[in-house]
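The values are calculated or read from the model by the stated rules, or taken from the named source; none is laboratory data. Source: prediction; values computed, not measured. So basically every Cβ, Gly included, is an ideal-geometry build from the backbone, and we count neighbours across all protein chains shown.
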Amino acid sequence: EVANGGHQDLTFLLSFKSYNNAAALETWVGPNPCSGSWLGVRCSRGRVAGVFLDDAALLGSVAPLLGLTQIRVLAVRNNSLTGTLPPLNNCTSPRLRHLLLSHNNLSGSLNLSLPSLVTLRAEHNSFSGGLQELHVPMITRFNVSVNKLAGDISSSLSMFPSSSFGGNLDLCGKPLPRCVHAYTNAVQDSASNATTGSIAQSPTAGTNASDSAMDSSSNGRFSKLGMTALLATGIGNAVLVTVSLAISVATFIYIRRKLRSSPMEDATKSNAALGFEREDDKVRSGEDKCQKSGALVCFEGGEELRLETLLKASAEVLGKGVSGSTYKAVLEDGIVAAVKRLSALQFPGRSKAFDRHMRLVGRLRHRHVVSLRGYCSSNGERLLVYDYLPNGSLQSLLQINGGGGRTRSLDWGTRKGIMFDAAQGLNYVHTFPARPALVHGNVKPSNILLDERGAACVSECGLMRYAVNLQQSVPQGPEVFLDRAAGSGGGWRGYAAPELAASGARATQESDVYSFGMMLLAVVTAKGGEEEGGGEETMGMVRIGVLCTAEAPEERPRMSQVLTMMSEFI
Ligand SMILES: Nc1ncnc2c1ncn2[C@@H]1O[C@H](COP(=O)(O)OP(=O)(O)OP(=O)(O)O)[C@@H](O)[C@H]1O
C-alpha cells in the first residue's frame, strides 16, 4: 500500500486539499489517508475507495480526486467545485461505481467510458458539449439536468425520464422532444441547395451562398427559385402540422373515450391518458425492475434500492408522528434516505387502493416536493423511502427562532421564500393529472422540509388521507393535524380545516388551502421576522392567509390563485 515512502493515494488527496483550503479538510493531515482520521475518506484494503464530501463548502478543482485509481464512490454534492473532469475510462477508474457531482460549478465535457458506473449525478453544473462521449452501460441512476449540454440523447440513455435531462442548452431526442434541428437543417440544406443550384446557372455564378442570398432581392430569378424552396418548405411544414393535428385530435378522442369508459378507474390510467404515457412507461419499467428485488416497489431515481440493503442500513430516528416514525438511513454506497415506517394503527392490513395511491405519489417529481423513491409493503410492515433533506423542517426553523438560540435567522426574505416554495409544491400536487385529484391532507410546518440549498419542499403527500384510525386515536378529530406551536409558548396550534372535525370527513384540496393559510399566518406572524421598511408585504401575506382560512371551503382560493397573489411580494 505504501510506495516510495508514501501512501499511493496521498498525492491526489493533498493536491485536492491544496486547491480547497476548506475547513472540512483540516483533518487531512499525516502520511496515511486510511488512518481513519481523514474526514470523508473511506478505505478498502489500504486504498482510498470512497470520498464523501457532500455539503463541505469546497471551492477548488475536483480533478485531483479523479486520480484515485481505486475509488468506488465519489460524493461531492452541493459544493462550489470548479474545473473539468478528465476523461475517465476503465484504465483511469476501473472500480468507479457512483459519481455524485450535483450542485457544483463543474464545466467541460462529460467524457466517461465507464463500464461499471451505476450512478451519475451531475445535475446543476455547467457541463457542456454533447452526451456522445458518455458510455455507461450499467448506469441505473442518472441525472444531467440543468447544465449546458446540447445534442442528441443516445438510445442507451433514453430510458431515463425527462427530468434527468431537463434544463439544458439544447438536448433533444427521447425522452425530450425529438431533435427538430435535424429536420430544420435538412430543410435549410435543401433550401440552400435549391438556391445554390440556381446560382450555378446564373450570371453571378461563383458567388457564395450568402452573397447569393443578398443578391436574391435584386435578382428576380433567384428570388423566384428561393421562394419555391421556401414555399416547398412552407407546404411541407403545413402538411406536417396538419398531420400532427390530425394525430393529436384522434389521440384526444381516443383518450376521452377511454376515460369515459372507466371514469373513476385507477389514477394510473388517467395519468397516461393525459399525456404521461412515456413517463409512466419508464416508471413502470423501473417498478418491474424493482419488484424483482422483493416487496420493494421503486420509482424514478430509486431503481437501485434493495430491501436487503435498506434493512441493513444504519439508521437514526428523526422523529415520530401520527402516521409513523421516520428514520435517516445511510445505505451501503453512502446514499442517504429518509425512511418512514408507517404506523400499523393508522395503516393496518394491505389495501390495494393504498398501494395504487402510493404508486401515484411515487410519480410526483417537482423541485418543491420531496420525492418518494420507493415503497415496501410486506408482512404488515410498510416502509416509504423518501429523499433525505438535510436542513430540517419549517417547524424546526420556527422553533429555533422562537427559542432564541438561533442557528439560522428566519428573516422576512427567508419566510417569503419558504412559503412561496411550499405554495408551488402544493400547487403542483393539486394540479397533477390524477383522478380523483390529489390532496396532500397533512399540510403543516413539520412537513415542509428544507433541501441542501435551503429551498422548501412539501413532504408526505397524500398519506394521511389513507389513515383509517384518526378518529379512534385522537378523539377530537382535527387535533391529529395539530402541531406543537411554532412559537415559544409550546401550546397547540391547529392547521386543520374546521370541516374536518366532522366524523368521517376527508381532507380535500380546499382543506389543504386552509392548512396552507394557517401555516402562512403562523410564519408571517412568528417572532423575529418583521419586514424591513414597513409592514406592507406582511399585511399582504396576512390578507392571503385570511382568504385561505375562510370558514366555508368554497370561498377559499385555489392554490394557483394563492401563488399568483403571493408572487406580487416575491
Ligand atoms: N425526507 C425527510 N428528510 C429529512 N427529514 C425528514 C424527512 N421526512 C420527515 N423528516 C423529519 O422527521 C421528523 C418526523 O417526521 P414524521 O413525518 O414522521 O412526523 P411528523 O411530520 O411530525 O408527523 P406526521 O406523522 O403527522 O407527518 C420530522 O421532524 C420531519 O421534519
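Restricting T549, T525, T564 to residues that are hydroxyl-bearing (S, T, Y) and at pLDDT below 90 narrows the list to T525.
For first residues located in segment 444-468 and closer than 15 Å to H357 by Cα, partners that are more than 11 Å from the ligand (Cβ to nearest atom) and of a type in the set (S, T, Y) and lie 6+ apart or on another chain with Cβ distances below 9 Å form the pairs Y466/S351; A467/S473; V468/S351. Screening the candidates V443, V429 for the property of being at pLDDT 90 or above and away from the ligand (no atom under 13 Å from the Cβ) yields one hit, V429.
Being surrounded by fewer than 19 Cβ atoms within 10 Å (Cβ to Cβ), at pLDDT below 95 and at negative phi narrows it down to one residue among E555, E536, E531; which is it?
Values: E555 fails: at pLDDT below 95; E531 fails: surrounded by fewer than 19 Cβ atoms within 10 Å (Cβ to Cβ).
Answer to the selection: E536.
When residues of segment 377-397 are filtered for being in contact with a helix residue (DSSP H, G or I) (Cβ under 6 Å, 6 or more places away or on another chain) and either more than 20 Å from V443 (Cα to Cα) or in a strand (DSSP E or B) (or both), how many remain?
Step one: filter segment 377-397 for residues in contact with a helix residue (DSSP H, G or I) (Cβ under 6 Å, 6 or more places away or on another chain), giving 393-395.
Next, from what is left, pick out any that are either more than 20 Å from V443 (Cα to Cα) or in a strand (DSSP E or B) (or both): 393.
The qualifying residues number 1.
On the stretch given as segment 43-85, residues that are under 28 Å from the mean Cα position of the chain (by Cα) and not aliphatic (A, V, I, L, M) total 14.
Would it be correct to say that A496 is out of contact with any His (no Cβ under 7 Å at 6 or more places or on another chain) and at pLDDT below 75? Judged against the criteria, A496 is not a match. Scanning segment 20-47 for residues that are outside any loop (DSSP other than H, G, I, E, B) and at pLDDT 85 or above, we see that the one that is nearest to I71 (Cα to Cα) is R47. When segment 439-456 is filtered for residues that are of a type in the set (A, V, I, L, M, F, W, C) and buried (at least 24 other Cβ atoms within 10 Å of the Cβ), the ones remaining, listed by number, are V443, I448, L449, A456.
Within the group L157, L149, L171, which residue is part of a loop (DSSP other than H, G, I, E, B), at pLDDT 90 or above and not basic (K, R)?
Values: L149 fails: part of a loop (DSSP other than H, G, I, E, B); L171 fails: part of a loop (DSSP other than H, G, I, E, B).
Only one candidate qualifies: L157.
Residues satisfying the criterion are absent from segment 53-64 (criterion: of a type in the set (A, V, I, L, M), more than 18 Å from H124 (Cα to Cα) and surrounded by 17 or more Cβ atoms within 10 Å (Cβ to Cβ)). Taking segment 325-366 as the range and being within 12 Å of the ligand (Cβ to nearest atom) and of a type in the set (K, R) as the test, the residues that pass are K328, K340, R341.
The rows are residues; the columns are (1) more than 21 Å from S15 (Cα to Cα); (2) out of contact with any Cys (no Cβ under 7 Å at 6 or more places or on another chain); (3) part of a strand (DSSP E or B); (4) not charged (D, E, K, R).
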position	(1), (2), (3), (4)
D54	no, yes, no, no
S93	no, yes, no, yes
L110	yes, yes, no, yes
L117	yes, yes, no, yes
L120	yes, yes, yes, yes
H124	yes, yes, no, yes
L131	yes, yes, no, yes
P137	yes, yes, no, yes
S163	yes, yes, no, yes
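Residue-by-condition table, conditions (1) modelled with pLDDT under 90; (2) within 15 Å of the ligand (Cβ to nearest atom); (3) over 22 Å from S351 (Cα atoms):
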| position | (1), (2), (3) |
| --- | --- |
| R435 | yes, no, no |
| V439 | no, yes, no |
| G454 | yes, yes, yes |
| R465 | yes, yes, no |
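Selection of segment 73-84 for residues being without any contact (Cβ under 8 Å) to a residue 40 or more places away in the chain and either of a type in the set (D, E, K, R) or outside any loop (DSSP other than H, G, I, E, B) (or both) yields L74, T82, T84. Out of Q476, Q509, Q472, one residue alone is within 30 Å of L383 (Cβ to Cβ), modelled with pLDDT of 90 or more and more than 15 Å from the ligand (Cβ to nearest atom). It is Q509. In segment 298-324, the residues that are under 21 Å from S145 (Cβ atoms) and away from the ligand (no atom under 14 Å from the Cβ) form Cβ pairs under 7 Å with partners that are at pLDDT below 80 and acidic (D, E), at six or more places apart or across chains, as follows: C298/E287.
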